[in-house]
Every structure is written in structure tokens, then in C-alpha cells.
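Heads up: the structure comes next, in C-alpha cells.
Nothing in this text is a laboratory measurement; each read-out follows from the coordinates by a stated rule. It should be emphasised that the depicted structure is a prediction, and the values quoted were computed from it without experimental measurement. Cβ sites come from the backbone with ideal geometry, for glycine too, and all protein chains shown count toward neighbours.
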Amino acid sequence: MHKIKIKYFDKEIDKIEKIKIGNWIDLRSAENISYKAGDFIKISLGVGMKLPEGYEVNIVPRSSTFKNYGVIQTNSFGVVDNSYSGNGDCYFFVGYALRDGAINKNDRICQFRLNKVMEDIEFEEVEYLDEVDRGGHGSTGKQ
């Protein structure tokens, strides 16, 4: 089991807990924010972490985030590596509003998962790959 050091930049948000069912952990807004359709929003999640060596955090919206708030994550998938662990390095959810709305402090808006970083790799340039082609982009299941 790995221990993760966590700093709460906002003492009023609920503490992060690992749930018993599922592999992702919810993160909450650390602020009240109102927005209009078309707004770019950067929402403080009120936490920072020191990850175990060789790990990174991946942040994605919860399945209900768009339904409840009309917001999508601008980069579709957030990556926080272990170097983002200074005393002032607070996590954020960066989004784009597709409708007017509001998010309140303590609303669960995204989730994260701890993943191992990619092992060292090396690229080798070749003229040919495998002999069997799948048929091109969007071809799965087509004859």
C-alpha cells in the first residue's frame, strides 16, 4: 500500500476518501463559481499531493459532471505528475461551460486515479510493421 501526502488548501471541503466500490476517487470544488455558456473556468479543487515515486494522477470528469453542470473538461484528461508537489501546487479542474450554471463549494465535479508512469521506452524506426492490417481508422467490425 502506498501513502500519499495530501495538503488541503481549503479546510472547509470534505476530506478525500477512497471508496470501497470503484477505482476512482472523487474531487470537490473548493469554491463557489457561476458561469455563462462559453466561459472558460478554472476551479480550485483545494488539494495538493505528494505522490509516490513513479506515479502520476489522472483527473477526469465524473460521469454526471456534464449532466449536472453543463461543463466539459477542456483537455479531456488531466495529468498531474509527481513534480507538481510543491507547497503551493493546488490541483484544478479546467473546464468549458456549454450552458449557464453554477458549481458550489464541496460539489463533486471530477475524479482521479493514481497510475504508474510509463516505463522508459526507445523508438526503433522500421520500414514494415506487422503483416496483418486492421483496415484503417474506424474499421473495427467491418468486413
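Here is how the numbers come out for the structure above:
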read-out: Within the chain, longest stretch free of exposed trypsin sites (Lys or Arg not before Pro) [DSSP loop, at most 14 other beta carbons within 10 Å]; value: 37-98
read-out: Largest-first principal axis extents of the Cα set of the stretch 50-111 (Å); value: 39, 20, 15
read-out: Those GluC sites (Glu not before Pro) in the stretch 35-120 that DSSP places in a loop and that have at most 12 other beta carbons within 10 Å; value: 53, 119
read-out: Estimated vicinal HN-Hα couplings, Hz - the stretch 77-87 in sequence order (Karplus 6.51, -1.76, 1.60; Gly, Pro = x); value: 7, x, 10, 10, 8, 5, 6, 8, 9, x, 4
read-out: Computed helical MRE - 222 nm, the chain, DSSP H runs ≥ 4 contributing -39500 (n - 2.57), nearest 500; value: -500 deg cm²/dmol
read-out: Computed lengthening from residue 72 to residue 1, 0.36 nm per intervening residue step minus Cα-Cα distance; value: 22.3 nm
read-out: Candidate values [x] 10, 33, 26, 17, 11, 2; [y] 9, 19, 14, 8, 8, 7, 7, 6, 6, 5, 5, 4, 2, 0; [z] 10, 35, 36, 17, 2, label of the one derived for P(r) over Cα pairs in 10 Å bins from 0, in percent; value: [x]
read-out: Zone residues, the stretch 51-71, relative to residue 82, backbone N less than 17 Å from point 7 Å out along Cα-to-Cβ; value: 51-58
read-out: Unit charges on C-beta of K, R, D, E only; dipole of the stretch 9-119, Debye; value: 360 debye
read-out: The stretch 1-45: GluC sites (Glu not before Pro) falling in loop per DSSP and having at most 13 other Cβ within 10 Å; value: 12, 17
read-out: Within the chain, longest stretch clear of exposed chymotrypsin sites (Phe, Trp or Tyr not before Pro) (DSSP loop, no more than 12 other Cβ within 10 Å); value: 1-76
